[in-house]
Amino acid sequence: MTVKIGVVGGLNMDIHLFGGDDRAEDGAYLAERYLIEPGGKGSNQARAAARLGADVLLVGRVGGDEFGRLCLDATIGDGVDATHVVATDEQRTGFVVIQLVEGRHRSLVFSPGANTLLSWNDVLPALDDLATCDVVITQSEVPTDTVDALVRWSGESGVPVYLDPASPQQASRDSLLGAEVITPDRLEASSLTGRAMHGHAAPILAARDLATMGIHRSILKLGTEGALFAAEGVLTSVPTRAADAVDETGAGDVFVAALAVRRAAGADWIEAITFANAAAAVSVATSGLALPTIEEVEPVAREIGPPRILS
Ligand code: RIB
């Protein structure tokens, strides 16, 4: 049975700059190469879920410009229903410059543009469709009020909303507490808890902090270290497959999409997190946004070892 995923979130045009770690004599950083392509957490998650076989509906905003058209074309090209992505002339499409060194983000400059205009009024026309979804995903790349209203709607409608708290400063306490699950990465978990991420134990302590804050289910995305799952007083470490990162951009979005698709298909949380770890490991091995298919992810998921209960 095909699962149905809704996404309310951001669309951006991304520039990836590879190897920009050396300075020229005039002080400019030198990148070895670059690529420009559609991104944005909402669009990435929607496209990733569609590539994994889900029916997907995306709600968002782009500018009435060339970048907006390219972002829309990319989502539609992957089979996402983008009927509820509004193009506006009031703002330009969101834009991000990502500096990568050895496949990892060194710096990121974000101009959110049209994403800042995504209001609850934009979501209302999509609510009948969203109500038929197995899972709705959102992120703090769009306005806090809109995310808060979506999480409140989730409480009324019974449709689970997964919240990716990026940027964490924009995630309200109500949304963190009301979401079915939150999926911060290391930096986001640090920002949410105020805990410095130094040393092996820091993510474990941060996961416990999130539980103490009253968040009933958190998954910390830890890249090569897999994921930490905190729920119902139990902390579980879910391993991943080691992968040489070429470009980690969007791997967290692929993780969230894979998690939602697998949960919607009936998997338990640990099985779904293992699948999500595998999807992210496949994704980081390629330049640019790499959106794996189910056939690419499943063999990797089978290679991953068992989870370990930490408490
Ligand atoms: O998660 C990756 C995404 O974050 C990029 O595509 C970029 O647009 C930023 O929003």
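Contact map, the stretch 15-40: first residue farther than 20 Å from Phe95 by Cα, second residue open to solvent by 30 Å² or more (accessible area, probe 1.4 Å) and within 16 Å of the ligand (Cβ to nearest atom), Cβ cut-off under 7 Å, separation 6 or more or different chains; pairs are Asp21/Arg106.
Right, Asp145: touching an Asp or Glu at 6+ places or on another chain (Cβ under 7 Å) and more than 16 Å from Ala207 (Cβ to Cβ) or not? Outline the logic, then answer.
Working: touching an Asp or Glu at 6+ places or on another chain (Cβ under 7 Å): no; more than 16 Å from Ala207 (Cβ to Cβ): yes.
Judged against the criteria, Asp145 is not a match.
Among the residues making up the stretch 73-94, those that are farther than 15 Å from Asp122 by Cβ, crowded, with 19+ Cβ neighbours inside 10 Å and among the hydrophobic types (A, V, I, L, M, F, W, C) are Ala74, Val80.
Filtering the stretch 157-167 to residues that are open to solvent by less than 20 Å² (accessible area, probe 1.4 Å) and closer than 20 Å to Pro112 by Cβ leaves Leu163, Asp164, Pro165, Ala166.
The set of residues in the stretch 233-277 that are away from the ligand (no atom under 16 Å from the Cβ) and polar (S, T, N, Q) comprises Thr236, Ser237, Thr240, Thr274, Asn277. Selection of the stretch 60-112 for residues being among the charged types (D, E, K, R), over 12 Å from Ser43 (Cα atoms) and under 20 Å from the mean Cα position of the chain (by Cα) yields Arg104, Arg106. Could you go through the stretch 138-152 and let me know if any residue there is within 16 Å of the ligand (Cβ to nearest atom), open to solvent by 60 Å² or more (accessible area, probe 1.4 Å) and under 30 Å from Tyr29 (Cβ atoms). No; the residues of the stretch 138-152 include none that is within 16 Å of the ligand (Cβ to nearest atom), open to solvent by 60 Å² or more (accessible area, probe 1.4 Å) and under 30 Å from Tyr29 (Cβ atoms).
Have a look at Asp128, Asp122 and point out the one that is away from the ligand (no atom under 16 Å from the Cβ), open to solvent by 30 Å² or more (accessible area, probe 1.4 Å), acidic (Asp, Glu) and more than 17 Å from the chain's Cα centre (by Cα).
Details: Asp122 fails: open to solvent by 30 Å² or more (accessible area, probe 1.4 Å).
Within the list Asp128, Asp122, the selection yields Asp128.
Suppose we keep only residues that are among the charged types (D, E, K, R) and not in a loop (DSSP other than H, G, I, E, B) within the stretch 145-180. Which one would you say is nearest to Arg262 (Cα to Cα)? For the stretch 145-180, the residue satisfying everything is Asp164. Counting only helices (runs of 4 or more DSSP H) that sit completely within the stretch 192-311, those holding 3 or more residues that are crowded, with 18+ Cβ neighbours inside 10 Å and free of Cβ contacts under 8 Å to residues at least 40 places away in the same chain correspond to 202-212, 269-283. Residues in the stretch 15-54 that are surrounded by fewer than 19 Cβ atoms within 10 Å (Cβ to Cβ), at negative phi and more than 16 Å from the ligand (Cβ to nearest atom): Asp21, Asp22, Arg23, Ala24, Glu25, Asp26, Ala28, Tyr29, Leu30, Ala31, Glu32, Arg33.
The values are calculated or read from the model by the stated rules, or taken from the named source; none is laboratory data. Computed from a predicted structure; not experimentally measured. FYI the Cβ positions are ideal-geometry reconstructions off the backbone, even for glycines, and counts take in every protein chain you see. Note: areas computed on protein heavy atoms with side chains; ligands, DNA, RNA excluded. Shrake-Rupley method; radii C 1.70, N 1.55, O 1.52, S 1.80 Å.
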